[in-house]
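The values are calculated or read from the model by the stated rules, or taken from the named source; none is laboratory data. Predicted, not measured: the structure shown is a model, and the values here were computed from it. All Cβ positions, glycine included, derive from the backbone under ideal geometry; neighbour counts span all protein chains shown.
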Amino acid sequence: MTDCVIAEDEQLLRDELVQLLAAAWPDLRIVAACDDGASALEAIAANQPQVAFLDIRMPGLSGLEVAGALAGVSPATQVVFVTAYDQYAIDAFERGAVDYLLKPVVLARLEATVRRVKARLSSGAVDAGALAALLARLGQAPPAAPKVEPLVWLTASAGLETRLIMVEDVAYFQADSKYTVVMTAQGEALLRKPIRELLDVLDPATFRQIHRSTIVNLKAIASIARDESGRGVLRLRTRPETLAVSQPFMALFRAM
């Protein structure tokens with residue numbers, strides 16, 4: 001049995017890929033089907049799957065960022081990228097030894113990809129150099145236009161009070177069921193939207209996900225250390241508590 005993790009933020013496309021894989025690769029076991037890059041990275045680290053199908057563009061961590069972290073968390077995992085049409089990306093893929101699927105995924109193309117992945121799994125070879133070269137080449141592409149302008153301020157509840165909070169003053173965001181706790185130097189407030197909805201509207205140059213349920217303001221970090229389990233511990237400039245960085249996300253900090 002071959003284990004697999006899927007990461008695709010659009011549920012219909014994710015469900016469709018699951019169904020197509022069931023037809024093209026009957027003995028494949030999907031151990032996690034994730035809707036964002038952070039969950040995918042943690043699922044890969046926990047399950048050590050032989051293969052991962054990663055959507056390139058997702059809220060928060062992209063498929064490229066997840067793949068870039070695999071050398072430190074699951075180096076034997078074969079990667080297949082799933083992408084909408086982007087000529088620059090396709091040119092890069094054609095020059096490398098890493099598989100990709102175009103959206104919408106069709107069964108014939110998936111079957112050809114499955115044959116190639118199985119061949120690589122049989123040989124036991126993971127071409128880390130080819131993946132690194134591909135990621136470097138894609139990293140030189142002109143950045144895609146943002147869907148929206150980065151968030152500048154937000155309104156959140158603190159008891160009976162509604163606060164206007166500048167995003168630059170936020171130390172970190174913490175998931176709380178369907179809502180999000182906003183932590184600043186002045187205290188906490190509650191934002192009535194899930195943390196996942198923030199990932200598309202926060203400036204990625206300033207805010208970094210350190211756990212599936214935590215996003216930190218990089219400017220608020222005073223120091224970072226690693227504990228005996230390999231997890232990171234962040235100390236903040238304006239808050240007394242420390243924040244845990246889950247072990248898979250430490251690879252992302254090493255790249256900073």
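Listed by first and then second residue, the pairs with beta-carbon distance under 7 Å, at least 6 apart or on different chains, first residue in the range 11-31 and touching a residue at least 12 places away in the same chain (Cβ under 8 Å), second of a type in the set (F, W, Y), are L17/F53. Screening the candidates D55, D99 for the property of being in contact with a helix residue (DSSP H, G or I) (Cβ under 7 Å, 6 or more places away or on another chain), among the acidic types (D, E) and at pLDDT 90 or above yields one hit, D55. Residues in the range 177-223 that are modelled with pLDDT under 90 and closer than 21 Å to A69 by Cα: R196, L199, D200, P204, A205, H211, R212. Across the range 39-55, the qualifying residues are those that are of a type in the set (A, V, I, L, M) and free of Cβ contacts under 8 Å to residues at least 60 places away in the same chain, and the one among them that is farthest from E10 (Cα to Cα) is A46.
Whether a residue is in contact (Cβ under 8 Å) with a residue 60 or more places away in the chain, out of contact with any helix residue (DSSP H, G or I) (no Cβ under 8 Å at 6 or more places or on another chain), charged (D, E, K, R) and not assigned by TED's automatic domain parsing to the domain that holds P59 was assessed, and D176 does not pass this test. Take the conditions farther than 22 Å from V245 by Cβ, part of a strand (DSSP E or B) and in contact with a strand residue (DSSP E or B) (Cβ under 8 Å, 6 or more places away or on another chain) and apply them to T180. Does it pass? No: the conditions fail for T180.
Per-residue answers, yes or no, for (1) farther than 21 Å from D176 by Cα; (2) in contact (Cβ under 8 Å) with a residue 24 or more places away in the chain; (3) of a type outside the set (A, V, I, L, M, F, W, C):
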residue: K193; (1), (2), (3): no, no, yes
residue: L199; (1), (2), (3): no, yes, no
residue: L202; (1), (2), (3): no, yes, no
residue: T206; (1), (2), (3): yes, yes, yes
residue: T214; (1), (2), (3): no, yes, yes
residue: K219; (1), (2), (3): yes, yes, yes
residue: S223; (1), (2), (3): yes, no, yes
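Tally up the residues in the range 30-52 that are more than 12 Å from the chain's Cα centre (by Cα) and within 19 Å of L101 (Cβ to Cβ), please. Selection size over the range 30-52: 7. Checking D203, D176 one by one, the residue that is in contact with a Pro (Cβ under 6 Å, 6 or more places away or on another chain) and more than 22 Å from G72 (Cβ to Cβ) is D203 and no other.
Within the range 153-177, being out of contact with any strand residue (DSSP E or B) (no Cβ under 6 Å at 6 or more places or on another chain), within 17 Å of H211 (Cα to Cα) and small (G, A, S) holds for A175, S177.
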